[in-house]
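Peer 1: If you scroll down you'll find the structure; I have some questions about it.
The values are calculated or read from the model by the stated rules, or taken from the named source; none is laboratory data. Computed from a prediction, not measured in an experiment: that's the story for all the values here. Here the Cβ is made from the backbone with ideal geometry for all residues, glycine too, and neighbour counts use every protein chain on show. Ligands, DNA and RNA are stripped out before the accessible areas are found, and what is left, the full protein with its side chains, is counted by its heavy atoms. Shrake-Rupley method; radii C 1.70, N 1.55, O 1.52, S 1.80 Å.
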Amino acid sequence: MAHAEEQQHLADGQHQPAAAQQHAAVAGQPHIEGQQHPLGIYFKIWGLLFVLSTASYLVDYFHFQGYLRWTLIVIFMLLKAGLIVAVFMHMLWERLAMVYAILLPPLLLLVLLWIGASEGDYTFFTRGTFFGAAPTASAQHPAA
């Protein structure tokens, strides 16, 4: 809009300030909008992702077992996903409203899944408490 107004002022022959003259001098070039981030940050994040992926593979290489294995794998996975979303998808430089609009629904979904899993465990263990274990076949028909 401001560019169109400057064009109108030029057509009217009105005096223009030095900034407008400089802008008019480069008006033939395409106008670039948005931010340009240095490539170094992308290379650093790429290297960090490589290190995190290597650490994730080392969990299997060293044969970690049980909860330690799955905890490490999930931590490395979340770190890599967070870096990708923050830097490569430019969420680090977005407005807070956009970040909330994209990140809150998956977090809410995870909370609801956790509540559902807890409810399922509670129901399963309560069922075992009140109904008890099923009687075995040898207890019903003792051998003579």
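Peer 1: Hey, any idea what % of region 36-89's accessible area is carbon plus sulfur with a 1.4 Å probe?
Peer 2: 78 percent
Peer 1: Now, a different point. Express in Å², to the nearest 10, the accessible area of residue 115 obtained by rolling a 1.4 Å probe over the protein heavy atoms while all chains stay in place.
Peer 2: Roughly 90 Å² of residue 115 is accessible to a 1.4 Å probe.
Peer 1: I'd like the trypsin sites (Lys or Arg not before Pro) in region 30-127 restricted to DSSP loop residues with at most 15 other Cβ atoms within 10 Å, sorted by number. Can you show the working numbers first?
Peer 2: Values: sites: 44, 69, 80, 95, 127; in loops: 95.
Filter output for region 30-127: 95.
Peer 1: At 1.4 Å probe size, with no ligands or nucleic acids counted, give the accessible surface of residue 74 in Å², nearest ten.
Peer 2: Residue 74 exposes around 60 Å² with every protein chain in place.
Peer 1: Further, regarding this structure: Taking θ = phi - 60°, what integer Hz values does the Karplus form 6.51 cos²θ - 1.76 cosθ + 1.60 yield along region 53-63, in sequence order, with x for Gly and Pro?
Peer 2: Values, residue by residue: 5, 4, 5, 5, 5, 5, 4, 6, 4, 8, 6 Hz.
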